[in-house]
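Reading through the structure tokens given below for one structure.
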Amino acid sequence: MAERKKKLLQGNDACVEGALYAGCRFYAGYPITPSTEIAEGMSVRLPKLGGKFIQMEDEIASIAAAIGASLTGLKSLTATSGPGLSLKQECIGYACLTEVPLVIVNVMRGGPSTGYPTGPSQSDLMAAKWGAHGDHPAISLAPQSVQEILTETVRAFNLAERFRTPVMVLYDEIVGHMREPITLPLPGELEVIDRAKAACRPEEYFPYDDRYEVAPLAPFGAGYRFHVTGLNHKQDGFPTNDSNIIRANNERIMNKIENHKDEICLNEAIDLDDAEIAVVAIGSTARSARYAVKEARAAGIKAGLLRPITMWPFPDKAVKELGSRVKAIIVPELNLGQMVHEVERCSKKAQVTGIHRVDGEPITPAQILEAIRKHK
Amino acid sequence: MSGTAVVEKKERVSVPFDYNKYLRPNKLPHIWCPGCGHGIVLKAMLRAIDKTGFSKDEICMISGIGCSSRTPGYVDFNTMHTLHGRALSFATGVKFANPRLKVIVVTGDGDALAIGGNHFIHTCRRNIDMTVVVMTNATYGMTGGQYSPTSPLETVATTSRYGNIEPPFDTCEMAKAAGASFVARGTAYHTLELEKTLHDAIMHKGTSVVDVIDACPTYFGRANKFKSTTHLMDVVEKDGTVNVKQADKLPPEKLEGKFLRGLLHKVDRPEYCEQYENLVMEKAKAK
Ligand SMILES: Cc1ncc(C[n+]2csc(CCOP(=O)(O)OP(=O)(O)O)c2C)c(N)n1
Ligand code: SF4
Ligand SMILES: [Mg+2]
């Protein structure tokens, strides 16, 4: 067996590695700190592989181009940060309703507005879920390390292709810019999923065939001439005013994610079996939490960590279970209170406390340890 | 009726064009009002496409949002009805990802030049191979007749009841300045001329922009006191334009306030997808 390559990489570079491993062959983007290295990396690597890189005139054009490219059959990526995410929202809704696979990376920086471009933040958690008008499905993955950015980017493409929906990779500036040694997976080592291919004759093809929960998507130009619209549509892709069809389709695009939460939700549990105090954290904050939990254990406190790797859909089940048996849950996050409300919603019994920080500095293990001690 | 007239009529009879070859008949009737110019443009476009010889599978027609942007829903190609102003961005992704597709963008003056103005100039600048058909009716038809970036000064709209004070764009001048390698203008009134212009635009390699002046009788026509659709077309499309070939022979005062029709600009300029393949990919692979 071939040797796996080891590399010292920055988080954003690992995202490039993950995207290419997953078979991404199209990138459209607009530079913005702290995500720009992804565009730079893709611009070097894609043309070598016969892939396409384009720097568009803004973030709206970028995601629109990526959606267009995906409709021709290419796995497509766009990456951005805060202000760019705001601009992409209308197109995110379009990709949700038209069911076009797509991966969006959002490297979180301080906001709102231009905010703190070089400062870490976790303040787009709600934007990742709700950021587009209308009810729409959301999948967001929240890696905490350089290695995990690679594997979660691969998983993001897999979920996008599997469910025909946009998937967001969501991490803070610290994880995006830190350098760690990582191991590049060998070809075939990680699962790579491609969208279901249309097998029927073109005359029988419906892009939203209602016999499927997720219908196969034929590429433009392959003889299946179909219509795509952001209007509510029937299974043949054409606009409709039929209230039954509108309802059924709006429900289906939500349920195709909701019904498969177990397949999508991924968590890491540390020292939770006998825990009395739990921490729920993601990204760089989870790294501080891991350290704090270790310190607490050393001091004889029964602490543990639940780390959602899938941020959306939120791991309701795991948090509910945890909330039913621990005394307290601490939710440190780099914002003024976002994930803490999700945790409160899921855990009716345990006392839930947030630790929030928006000064552009990370939450330290000491801050978390102090909160753990208070609940002892 | 004189004998000669009958002969003339006979000579003109040809096999009627089978529009159904390209339409999705079960998606009709269309949403357009009686007298709307968009349908005339569509017919000219289908005749033009027929002459190009491209197969239906090769063509990808993409639009934004607006009355004009409803066009792709009625035609049997690979079709996409996208977001207001963004048709060119989606189209750039489609074309760049699969350069074998022949991309035609159908857009309105509001779609292309207001909300989509930035994408318009950057598409022209890249000179990516696609044909952009801008249906210029000097209004936002879909939302009920507000003024648009091509509404002439002093015209009345639902948001310019006291007369428009914003000078309009000249779409063709802008396309040319931004770098489009083929720029032409037609009208719905001069439908045969339009067919030829659209044909040449589609056959051109690079960004080809065709500004098509067509009428919105429902809003622009009524608000500005035109008696009928034909009156509106006579004033705006027939008398308001001059074919560029005749323009040379006319004194300047006869050209004042008139738009030129026909091919206005054509240059050979490297096309975006080819540049990427020939320069970027080649260099990247050699490294
Ligand atoms: C982001 C956004 N803003 C506004 C609208 C509302 N809107 C729909 S069509 C339209 C104008 C269309 O005008 P034009 O492109 O000239 O097309 P026409 O209807 O005149 O053919 C507007 C403002 C929208 N759909 N999306
Ligand atoms: S409102 Fe105007 S542009 Fe729209 S369909 Fe009617 S006539 Fe045409
Ligand atoms: Mg208009």
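The values are calculated or read from the model by the stated rules, or taken from the named source; none is laboratory data. All figures in this text were calculated on a predicted structure; none of them were measured in a lab. So basically every Cβ, Gly included, is an ideal-geometry build from the backbone, and we count neighbours across all protein chains shown.
Of the strands (runs of 3 or more DSSP E) lying entirely inside region B:202-287, those containing at least 2 residues that are within 30 Å of A:G51 (Cα to Cα) span B:207-213.
The single condition from (1) touching a helix residue (DSSP H, G or I) at 6+ places or on another chain (Cβ under 6 Å); (2) without any contact (Cβ under 8 Å) to a residue 60 or more places away in the chain; (3) more than 9 Å from ligand 1 (Cβ to nearest atom); (4) hydrophobic (A, V, I, L, M, F, W, C) that B:A91 fails is (1).
Here are some residues: A:I264, A:I245, A:I282, A:I253. Which one is under 26 Å from A:H375 (Cβ atoms) and β-branched (V, I, T)? Spell out how you get there, then give the answer.
Working: A:I264 fails: under 26 Å from A:H375 (Cβ atoms); A:I245 fails: under 26 Å from A:H375 (Cβ atoms); A:I253 fails: under 26 Å from A:H375 (Cβ atoms).
Result of the check over A:I264, A:I245, A:I282, A:I253: A:I282.
Of the candidates B:T107, B:T143, B:T150, the single residue that is within 14 Å of ligand 2 (Cβ to nearest atom), part of a loop (DSSP other than H, G, I, E, B) and either within 19 Å of the chain's Cα centre (by Cα) or among the small types (G, A, S) (or both) is B:T150. Scanning for something within 14 Å of another protein chain (Cβ to nearest Cβ), within 12 Å of ligand 1 (Cβ to nearest atom) and closer than 19 Å to B:G37 by Cβ, does region B:118-141 turn up at least one residue? The answer is no, given that none of the residues of region B:118-141 is within 14 Å of another protein chain (Cβ to nearest Cβ), within 12 Å of ligand 1 (Cβ to nearest atom) and closer than 19 Å to B:G37 by Cβ.
Taking the options B:L194, B:L264, name whichever one is surrounded by 15 or more Cβ atoms within 10 Å (Cβ to Cβ) and under 30 Å from B:T158 (Cβ atoms). Please lay out each step first, then the result.
Values: B:L264 fails: under 30 Å from B:T158 (Cβ atoms).
B:L194 is the lone residue from the list that is surrounded by 15 or more Cβ atoms within 10 Å (Cβ to Cβ) and under 30 Å from B:T158 (Cβ atoms).
For region A:215-235, residues that are among the basic types (K, R) and more than 8 Å from chain B (Cβ to nearest Cβ) total 1. Among the helices (runs of 4 or more DSSP H) confined to region A:284-376, the ones with at least 3 residues that are farther than 27 Å from A:M168 by Cβ are located at A:365-375. Taken over region A:69-87, the criterion of being outside any loop (DSSP other than H, G, I, E, B) and over 19 Å from A:F163 (Cβ atoms) is satisfied by A:A79, A:T80, A:G82, A:P83, A:G84, A:L85, A:S86, A:L87.
Residue by residue, here is whether (1) away from ligand 3 (no atom under 14 Å from the Cβ); (2) surrounded by fewer than 20 Cβ atoms within 10 Å (Cβ to Cβ); (3) not hydrophobic (A, V, I, L, M, F, W, C) holds:
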{"site": "B:R125", "(1), (2), (3)": "yes, yes, yes"}
{"site": "B:N137", "(1), (2), (3)": "no, no, yes"}
{"site": "B:S151", "(1), (2), (3)": "no, no, yes"}
{"site": "B:F182", "(1), (2), (3)": "yes, no, no"}
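Residue-wise test of (1) assigned by TED's automatic domain parsing to the domain that holds A:L74; (2) at pLDDT below 95; (3) more than 27 Å from the chain's Cα centre (by Cα); (4) not in a loop (DSSP other than H, G, I, E, B).
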| site | (1), (2), (3), (4) |
| --- | --- |
| A:Y212 | no, no, no, no |
| A:P219 | no, no, no, no |
| A:Y224 | no, no, yes, no |
| A:L231 | no, no, no, no |
| A:E251 | no, no, no, yes |
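Residues in region B:41-79 that are more than 16 Å from ligand 3 (Cβ to nearest atom), of a type in the set (G, A, S) and closer than 21 Å to B:E237 by Cα were compared, and the one that is nearest to the other protein chains (Cβ to nearest Cβ) is B:A48.
Of all the residues in region B:44-67, those that are under 15 Å from B:A91 (Cβ atoms) and within 16 Å of ligand 2 (Cβ to nearest atom) number 3.
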